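The values are calculated or read from the model by the stated rules, or taken from the named source; none is laboratory data. The model shown is predicted, which means the values in this text are computed figures rather than measured ones. Glycine also receives a Cβ, built like all others from the backbone with ideal geometry; neighbour counts cover every protein chain displayed. Areas reflect the complete protein model, heavy atoms only, side chains present, ligands, DNA and RNA absent. Shrake-Rupley method; radii C 1.70, N 1.55, O 1.52, S 1.80 Å.
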Amino acid sequence: MISLTIDGIRVQAEEGETILEAAKKAGIRIPTLCYLEGLSPRGACRICLVEVRNWGGRLVPSCATPVQEGMEVVANSPRLRELRRTILEMIFVERNHICAFCVSNGHCELQDLAMELGMDHVRFPYRWPLLPLDLSHEKYGIDHNRCVLCGRCVRACAEVEGAMTWGFSGRGIFTLVEADLGDPWGKSKTCTGCGKCVQACPTGALFEKGKATSEQVKKPEIIMEVTERRPRA
Amino acid sequence: MPKLRVATVWFSGCSGCHMSFLDLDERLLEFAERAELAFSPIADVKEFPEDVDVVLIEGAVGNTEHLRELLEIRKKAKILVALGDCAVTGNVPSMRNPLPREEVLRAVYAKDDPPGLEEGEVPKLLPQALPLHAVVRVDFFLPGCPPPADRIWKFLRPLLFGEQPQLSGPDLKFG
Ligand code: SF4
Ligand code: SF4
Ligand code: SF4
Ligand code: FES
């Protein structure tokens, strides 16, 4: 067992566990976005940043950092709250989020984070990029305007379904998730149509066709349910 | 105690925020005891008055008229509030922002010489619909599309009693 402290609370954790997992067991809330139980951690969004006091205050993503003996972790502080809100605002300006007309309005992890982190407005200038929508799939659609590039779809498809349909194209803010090698999703030779990517997606980017504003409710916990019955990826 | 002078303004929005304000129902009586409506689309006042304590602005800054008025209102009002998502984020009016202004006007109104392309009877459309804080300092943000009446009241009531409103959690929900 490894001993560490999180927000001054003494916590015991298994070797190899992440700071996030240890915090969860101790009942300490750390907000996350790209993390999903059942999938490998990616450290893509940085919302879960924590400060390790005895590493000179270094910031690390708690979802992707294993616990170490004697660590003094700060999981909640005004500084972290401000950093998390800033990261969140950068996510919001990167794409076009019109909650009022989004399938996921009221059931969205990004929207929930905005409330949790007290984001009453976004302080950066919006980019308003022109982005496509792909409705070629029989059952599902993808709206790149709502995508936060968390990669949960990519990992769900590769690690749980084993189809490896999704991947990233481009770099930085120009990154897009794409089916196969940029084909329309409906033309994909690998997609089995299982819908795991849709359920894993935290936002309104992936949705079931026929769902109107506010109607898309996701079940990301099915990823954990499915993987619990087999060795983890 | 003199009554608080409150104004409401309607820019590029659907008027839903004003409808929500009217949804205050019987609370409007309590509002009227402590405040007076100095300027509003629902009051018969032509010029934005000089001495406004609080102005609630619905809608994004969509055209040159909004821009001019907003700059003037900022000078005249002590507390400026962005009321609703269009004022806070650009929201629905900003859905045109990824596209060129000319293209949008031509597609929606008329192929040649659509209104709003140049300054005329209809004010010129700005290249992009902007949230208020992209143009002026905003003192408070009241998100929601529209913000529910309860949320508006939670915000306004403290102001009427000279206190600082403080919205958090579910009261900050966009959409
Ligand atoms: S994905 Fe979430 S945050 Fe983005 S517009 Fe939809 S509800 Fe709002
Ligand atoms: S529906 Fe299933 S197979 Fe198809 S892209 Fe999504 S996760 Fe992969
Ligand atoms: S489509 Fe959804 S799950 Fe995939 S990267 Fe975008 S936001 Fe994440
Ligand atoms: S949740 Fe840890 S980096 Fe995204």
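A few points about this structure:
- Model label sites at residue A:226 and residue B:154, defined 7 Å from Cα along the beta-carbon direction, differ in position by 3.7 nm.
- For chain B, the longest principal axis of the Cα atoms and the long axis of helix B:64-76 meet at an angle of about 30 degrees.
- Acute angle (nearest 10 degrees) that the helix B:149-160 long axis makes with the longest principal axis of chain B, alpha-carbon atoms: 60
- Summarising the label geometry, the points placed 7 Å from Cα in the beta-carbon direction at residue B:124 and residue B:75 lie 2.0 nm from one another.
- The local environment of residue A:184, defined by Cβ-Cβ distances under 11 Å, has a net charge of -3 under the rule Lys, Arg +1 and Asp, Glu -1.
- Accessible surface of the protein assembly as shown [probe 1.4 Å, protein heavy atoms]: carbon and sulfur percent: 54
- Secondary structure note: in the stretch A:2-76, about 85% of the DSSP beta bridges are antiparallel.
- Extending 7 Å from the Cα toward the beta-carbon at both residue A:168 and residue B:36 defines two label points whose distance is 6.0 nm.
- Mean residue ellipticity (222 nm) of chain A, computed from DSSP H runs ≥ 4 via -39,500 (n - 2.57), nearest 500: -5500 deg cm²/dmol
- Given charges at Cβ of Lys, Arg, Asp, Glu: the stretch A:84-229 dipole, positive-most of A:204, A:145, A:117: A:145
- DSSP H segments from chain A that extend 20 Å or more along their own axis, Cα-based, with Kyte-Doolittle mean of -1.0 or above: A:78-94
- Proximal charge balance of residue A:103 [Cβ under 9 Å; K/R count +1, D/E count -1]: -1
- All distinct Cα pairs of the protein assembly as shown go into the 1/r average, and the inverse of that average, the Kirkwood radius, is 23.5 Å.
- Above-threshold pairs, the threshold being 24 Å between Cα atoms, out of B:46/B:78; A:211/B:111; B:78/B:154: A:211/B:111
- Each chain gives up part of its surface: A and B jointly bury about 1800 Å² of accessible area, both sides summed, for a 1.4 Å probe.
- Here the protein assembly as shown is assigned +1 on the Cβ of each Lys and Arg and -1 on the Cβ of each Asp and Glu. Its dipole about the Cα centre then comes out at about 980 debye.
- For residue A:25, a cut-off of 12 angstrom between C-alpha atoms picks up these aspartates and glutamates, skipping any fewer than 8 places away in its own chain: A:14, A:17.
- Förster radius 30 Å - calculated FRET efficiency between residue A:12 and residue A:79 (Cβ-Cβ, nearest 0.05): 0.70
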